[in-house]
1. Over 10 Å intervals from 0, what percent of Cα-Cα pairs in the chain sits in each interval?
2. Using a 7 Å offset from the Cα along the Cα-to-Cβ direction at both residue 70 and residue 16, what is the distance between the two label points in nm, to one decimal?
3. Take the alpha-carbon centre of the range 64-95, take the same for the range 171-218, and report the distance between them in whole Å.
4. Sticking with the crude label model, points 7 Å out along Cα→Cβ, report the distance from residue 59 to residue 154 in nm, one decimal please.
5. Provide the FRET efficiency to the nearest 0.05 for the residue 86-residue 213 pair, computing r from the beta carbons and using R0 = 30 Å.
6. Give me the one-decimal Kirkwood hydrodynamic radius in Å for the range 102-213, with the sum taken over alpha-carbon pairs.
7. Run through all the Cα pairs of the range 175-215 and give the fraction in each 10 Å bin from 0, expressed as whole percent.
8. Take residue 79 and residue 190, extend 7 Å from each Cα along the Cα→Cβ direction, and tell me the distance between the two endpoints in nm.
């Protein structure tokens, strides 16, 4: 579309001069109509949500390092927290890109990292940091990744039922550590159990009716 500065009008077509005043026309920038609607990508649609989650992650790392430096300089548990958050973001990135068989991917990642950390701890003479810090942190990260993936990917009710069982398992593992007295530092395991309880409560409160209907339909109740 062309525009005439003299007549202050827009002119359709491919004219080079204005039909009213014969002045030279200028190209007017306008957005061309497209046949198909533009569908925003996941990163565009959840831009604010992802930014808020990133800010929370940065704040968690900074606060953990600050608390570690102030109260316990000898221990370096804040490094494990930072590593767990980085692993969470890497896992979330690949899950969003892949978008299929999310529960299996998360379970494999948790199992692999847990086994490697235990073997590393044993090779160092067994200090217990693998079950005190790493495994609870990995379970917490996995539950957060599942919650974010459910929000961003808008998964169905059947996948939410799987997430419900996985949240329960990830929360039950630290309880075993505490009951058998395998851990001396309790707060990572307690945080893991608390996150599991919060996730389970949220799923039951907000999606409980849908999951119950899905189970009734599948089991023909």
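Read the figures in this text as sums done on the coordinates, not as results from a lab. Remember, it's a predicted structure, so these values are computed and weren't measured experimentally. Heads up, the Cβs are rebuilt from the backbone with ideal geometry, glycines too, and the neighbour counts pull from every protein chain shown.
1. It works out to 7, 24, 26, 14, 8, 7, 8, 5, 1, 0, in whole percents.
2. Using points 7 Å along Cα→Cβ, the separation is 7.4 nm.
3. Taking the Cα centre of the range 171-218 as reference, the centre of the range 64-95 is 22 Å away.
4. Rounded to a tenth, the inter-label distance reads 2.8 nm.
5. 0.20
6. 14.6
7. Reading upward from the zero bin: 27, 33, 23, 16, 1.
8. Once both label points are built, they end up 2.6 nm from each other.
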